[in-house]
Structures are given as C-alpha cells and as structure tokens.
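First up is the structure itself, then whatever we jot down about it.
The values are calculated or read from the model by the stated rules, or taken from the named source; none is laboratory data. Only a predicted model underlies this, so the values are computations on that prediction, with no experimental measurement involved. Cβ sites come from the backbone with ideal geometry, for glycine too, and all protein chains shown count toward neighbours.
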Amino acid sequence: MSRTGILAAPGTERAARGGLITRLAQRTVLRHLAAIREGQLNVHAGDETFRFGHAGGRPSLRATVSVHDPAFFRRVASGGTLGAADAFAEGLWTCDDLTALIRIMVRNERHLGKLDSGLARLRAPFHRLAHLLRRNTVRGSRRNIHAHYDLGNGFYRLWLDETLSYSCALFERETMTLAEASTAKIDRLCDLLALSAQDHLLEIGTGWGGFAIRAAQRTGCRVTTATISAEQHRLASERVREAGLEDRVTVLQRDYRELAGQFDKAVSVEMVEAVGHRHLDGYVSTLSALLRPGGRVALQAILMNDQEHPRYLHSADFIQRRIFPGSCLPSVTSIMQSVARASELRLTHFDDLTPHYVTTLQAWRERLMARAGQVRELGFPESFLRLWDYYLCYCAGGFAERKIGVAHLLFEKRGCA
C-alpha cells in the first residue's frame, strides 16, 4: 500500500473527519485491501489517496474509489462486502469503474477473505437465516418473485429492449442492437428445440411474453406459458392480444408445481435460479413428467462454478439479500445430479454464453442510467438507482471473471416421440 496527499475531491470533505471508531475502522479496511495482488485500486479519503496492488495482470484493471463519508469505513468493517454494497446505495462512496472494481475483488478473493471476517462474520449467520426464511414453497415463491419482478412494468419497460427480455442476449455480431441480440437468443433456443407448427411448447417463467410471442410467430407452435408474477401475467397477456396470438399462446398465472398435461417441448429461461437448491429435484422432475417421451427441454441457466458452489450454498450474498430474495444459482453438477435422481432426461447439448452476458449487462446499465430521471419520476429514490447500478456492475464483473456463467442446456426425454 502506498499513501500520498491529494487535493480533496468534491464531496470528500466529510471523509477526513471521524472519531476513534471510524479511524480504527478505516485502518482495518485499508489493512485488508493491502492484500490486493492483481489490479490497481486507488482509494481517495479526505485529502489522502491510498494505492493497492498494481496495474499488471490479465488484462490490466484499475479502479478508483472516492469515499464521501467516513461512515463508509464503519459499514465495511462491520458489514464486509454486503456493507460496502449498502454504503454504495446510501451514497457514502462512488467509483469511476464499478465493474472493474468488482473484477479486482473477484481476482483477489483468496487474499481479501478477511473483509468478511470480524464483525462481518458475526452477521453472516443472520443473513443466512434471513435467506433461509425466504423458502421457495408455492406461497414463498410468489412472495419472492413479487419482491423483484413486481416493481412495476413501467420500470422494466424503461430500460429493457422492445422484446422485454430480462435474460442474457446473444450478440452474434458486434453491430447487433440489444433487441436484435435478444431475438437471436430466442431463435437459438427455438432451433435447439427444433420447434415446429405441430408442437405444443410449455414455457416455465413467462417474463413479459417475449419468448412465447416470438416462438409462436416464428414457428407456428402453440405455447402455454406460466408465471407467478401478477405484473408479468398482466402485461404478457396484453402483449399476446396485441400480437393477435390468443389462439396460439395461453398465459397462465400459476406455479410450475401446479401445472398439468403433456407437452412436446419445454423451455425455461433463467428461471431455475428462482427455484432454490432444495427444490431443484422437484423442478427437474416436473419438467420431465410434463414432457412426452422423446420430447426436448431447453434451459437457459445462470450457473455458479462447481468449485465454489458448496460454499455458496451455505452463505447469503448481495444478490440474495438485496436483489433476488430466495434465489440460488445452481451449478452444472447440481443440475446434472438432479437430472439423474429425479428425471428421465439426458443431456444432449451444452453451450456457454457467458461473454454475452457481460455485453447484455453493460447495455442494460447504459439504458437504465440514461433514463435515471424517468426512474425517479416513477417514485423510486436515489438509493434504489444506486442499488441497481451496483447490482448490474456486480453481475457484469462476476461474469467477466467467470465466477458465474450462463449456458444453454438441452435435454431429451427417454422414449420415442
């Protein structure tokens, strides 16, 4: 760690003040940051700059944190990385490149483990308990989904593309717009499923109807799509009517565990993350039971890497505590173990899309920040905007460093179609 004097940046004057507890907290946080080996992090606090790490690496990463209130150090010392996220939402600090900062933290995770030690570790069981109380039972899932997806259709329509796809897009060409890439993703899944006009497709997780509408228009198939979000059900039904597809697309407000019937094909796009580890066998079993012999099911899934998944299952991270209550990323291994235990499915195709999510998240963030004024007009406070800024950068950094990934998994049910 190196330390130099600088002219105080606007808004940093309070960072120089603070009592004994604040000074001890600052010393503790800076000592932990001194463990950074890859990437360069600069921290401006009052009239001082602290430098950690170096700019070499794969590729070179730099980020500068400006501390606007000394309470930042207390929040991080007592709350660890979750405390840092909360402090960002409160405006206690800013960063010139938040995604780069997240990437630096991921690259140095082994060295920075002590950030979540001490008082932060004492809080960890309470965060874990709060997460466990958000169980994904039929009733609990409705509550959890409501917390994220029922923020209001107006909010999501501001910054998603015209397909209203809230999932990783597929940028087959650098010149693609976000809407074109979202459509390319839907088309890729339709092709994997080999959808035709003779098929009846089940979609678990409607979103706002973009996949169902495109699949019906492109292939002529019938679609039954299910969501437990009241807001999504209302808008998806409206969009189906506007597209003149009421005879081809049925939108249900129903939990996947309440579905019945037999379908030729099935698809679920970034919904498995809301299932929960305890319910993964049941989710896979339901998909298998609803599928005719010889049928195909395609999943687009966000995945935790296998090496870290066991530890992840016994913790509660920023996403689970502040963004998606009850969420839990599966790993490839956990999905395949559930498939083996609880279904008649077999994996026939796997396609990694991880780099495309970095681009997708960057596009979402640009669109959201460009419409920040309109978000405020909807009644959301500044802290909400900052929380979502952190969330989108947090995810982009995780995908860029492959701490998490996203993939298409295609399965086929045993038997003859």
Exercise. Among what's in region 377-398 and is small (Gly, Ala, Ser) and assigned to a helix (DSSP H, G or I), pick the residue that is surrounded by the fewest Cβ atoms within 10 Å (Cβ to Cβ).
Key: 383
Quiz item: So is residue 306 surrounded by fewer than 16 Cβ atoms within 10 Å (Cβ to Cβ) and either out of contact with any Leu (no Cβ under 8 Å at 6 or more places or on another chain) or in a strand (DSSP E or B) (or both) or not?
Solution: yes
Quiz item: Do the conditions hold for residue 251, that is, is it in contact (Cβ under 8 Å) with a residue 60 or more places away in the chain, within 15 Å of residue 204 (Cβ to Cβ) and either hydrophobic (A, V, I, L, M, F, W, C) or touching an Asp or Glu at 6+ places or on another chain (Cβ under 9 Å) (or both)?
Solution: no
Quiz item: Which condition number does residue 24 fail, the rest of (1) modelled with pLDDT of 90 or more; (2) assigned to a loop (DSSP other than H, G, I, E, B); (3) surrounded by fewer than 17 Cβ atoms within 10 Å (Cβ to Cβ); (4) among the hydrophobic types (A, V, I, L, M, F, W, C) being met?
Solution: (2)
Quiz prompt | Flag for residue 342 being in contact with a Leu (Cβ under 8 Å, 6 or more places away or on another chain), under 21 Å from residue 265 (Cβ atoms) and surrounded by 17 or more Cβ atoms within 10 Å (Cβ to Cβ) | solution = no
Quiz item: In region 347-376, which residues are assigned to a helix (DSSP H, G or I), polar (S, T, N, Q) and touching a strand residue (DSSP E or B) at 6+ places or on another chain (Cβ under 8 Å)?
Solution: 354
Quiz item: Are any residues in region 320-337 at pLDDT 90 or above and either aliphatic (A, V, I, L, M) or within 13 Å of the chain's Cα centre (by Cα) (or both), and if so, which ones?
Solution: 328, 329, 330, 332, 335, 336
Quiz item: Picking from 311, 322, which residue would you name as being without any contact (Cβ under 8 Å) to a residue 24 or more places away in the chain and either more than 19 Å from residue 204 (Cβ to Cβ) or not assigned by TED's automatic domain parsing to the domain that holds residue 385 (or both)?
Solution: 311
Exercise. State whether the residues of region 272-291 include one that is assigned to a loop (DSSP other than H, G, I, E, B) and either within 22 Å of the chain's Cα centre (by Cα) or crowded, with 22+ Cβ neighbours inside 10 Å (or both).
Key: yes
Quiz item: Condition test on residue 262, is it in contact with a strand residue (DSSP E or B) (Cβ under 6 Å, 6 or more places away or on another chain) and surrounded by fewer than 17 Cβ atoms within 10 Å (Cβ to Cβ)?
Solution: yes
Quiz item: Looking only at helices (runs of 4 or more DSSP H) that fall completely inside region 151-261, which ones have 2 or more residues that are within 26 Å of the chain's Cα centre (by Cα) and closer than 20 Å to residue 297 by Cβ?
Solution: 178-193, 210-219
Quiz item: Which ones in region 175-198 are free of Cβ contacts under 8 Å to residues at least 12 places away in the same chain and out of contact with any helix residue (DSSP H, G or I) (no Cβ under 9 Å at 6 or more places or on another chain)?
Solution: 175, 180, 191
